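Chemist: Take a look at the following structure, please.
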Amino acid sequence: MAHEINRILRAFAMQPLFIEAAKGHQIAEILALRAAQGPRADSFTDTPAEQPAPSQTGNVAILRLFGPILPRAEAITDISQPAALMTRFQAQFRTAASDPRVTAIVIDIDSPGGQADLVPETVAMIRAARRSDRPIVAIADTLACSAAYWLGCGADEFSVTPSGLVGSIGAYVLHQDVSEALTAAGVKNTFVAEGPRKVEGNPFEPLDDAAKAWLQGIVKDCYDMFVADVAKARGVPASVVRADPETSDKHMGGGRSYPAKEALRLGMVDRIETLDQLVTRLQRRGARSSSSARASLL
């Protein structure tokens with residue numbers, strides 16, 4: 001049993017996380033419970049829940065990002081819910097973006113965030129596909145936090161549903177020291193390694209200053225990319241995104257999440273609307289564009 005718990009801890013050790021903290025803790029507890037109950041536990045399945053498939057309403061393509069953000073199917077997931085896999089989303093997005101019949105793309109988000117892997121690359125892909133005649137609109141329906149908010153910032157516009165929550169602009173790495181628990185259980189781990197820092201930051205011994213500084217550098221690098229993309233998307237200085245003290249009330253939370261009205265006031269989103277209202281608005285825009293194009297040919 002201790003081996004299974006250790007395996008899960010090792011899988012998540014030193015992974016830069018862009019996830020709303022409360023949800024991150026919930027996922028960790030679910031994984032720990034699964035390890036304690038064993039792989040045959042009735043409350044879990046070995047097959048991850050399916051992500052909702054893309055759909056199309058008229059000429060508006062709707063892509064979903066539901067659940068924790070993960071790079072690909074090989075990653076360990078909280079299998080009690082679907083995961084938003086970046087490789088899968090990238091393929092779906094490219095298909096929609098290359099379809100000449102699509103007049104608008106909606107990125108429907110309900111996610112607390114997740115791992116950093118492939119997130120900045122996906123944001124760059126979304127931004128590169130933007131065109132004046134085919135808007136790309138992200139919507140927090142109802143949750144777009146951390147990595148999920150970052151992804152939404154690649155779009156032309158960002159909406160949030162009336163009961164939605166957005167933000168949590170930050171990054172962290174979790175180090176869990178389980179050395180005392182393992183000692184009490186009679187388990188001793190011995191690393192045989194080459195390289196003075198090869199096994200630093202492992203969960204089986206306390207975190208020393210050098211390892212902490214190294215992890216801090218990884219987190220800072222990811223956070224800086226996050227801040228730069230949000231600042232570019234929202235048209236504000238990086239200091240506003242970071243919530244530096246000198247920005248006073250002009251900030252984006254410094255890691256906090258905000259409900260719809262406050263997020264709109266802070267400039268974190270462009271409007272408050274439901275998914276249906278958004279799709280209807282984009283359909284009408286597409287119809288007007290088509291009418292103008294036909295008129296110009298007469």
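Chemist: Lysines near Lys198 by alpha-carbon distance under 28 Å, same-chain residues fewer than 8 away left out - which ones?
Modeler: Lys188, Lys212, Lys220
Chemist: So what J values fall out for the range 135-145 if you push phi through Karplus, 6.51 cos²θ - 1.76 cosθ + 1.60 with θ = phi - 60°, rounded to Hz, Gly and Pro as x?
Modeler: Those phi angles translate into x, 10, 10, 9, 9, 7, 10, 10, 10, 9, 10 Hz.
Chemist: Given H placed on each backbone N at 1.01 Å, which residues far from Ile69 in sequence or on other chains put an amide H within less than 5 Å of it?
Modeler: When sequence neighbours closer than 5 places are left aside, the close amide H contacts are Ala84, Gly113, Gly114, Gln115.
Chemist: Further question on the same structure: Kindly give Rg over Rh for the range 172-241, based on alpha-carbon atoms, with the Kirkwood expression for the hydrodynamic radius.
Modeler: 1.20
Chemist: If I ignore ligands, DNA and RNA and count only protein heavy atoms, how much of Val236 is accessible to a 1.4 Å probe, in Å² to the nearest 10?
Modeler: Answer for Val236: close to 40 Å² accessible.
Chemist: Would you kindly compute the Cα radius of gyration of the range 62-216 and its largest Cα-Cα separation (Dmax), both in Å?
Modeler: Final numbers for Rg and Dmax: 19.9, 65 Å.
Chemist: Moving on. How much length, in nm to one decimal, is gained on full extension between Thr95 and Arg127, taken as 0.36 nm per residue of separation minus their Cα-Cα distance?
Modeler: 10.0 nm
Chemist: For the full complex of protein chains and a 1.4 angstrom probe, list Thr142, Thr122 by accessible area with the highest value first.
Modeler: Result of the area sort, largest leading: Thr142, Thr122.
Chemist: In percent, how large is the relative contact order of the range 188-268, given Cα pairs closer than 8 Å and 6 or more residues apart?
Modeler: Relative CO of the range 188-268 lands at 14 percent.
The values are calculated or read from the model by the stated rules, or taken from the named source; none is laboratory data. Model, not experiment: these values are computed from the prediction. Quick note on the areas: whole protein, heavy atoms, side chains included, nothing else; ligands and nucleic acids left out. Shrake-Rupley method; radii C 1.70, N 1.55, O 1.52, S 1.80 Å.
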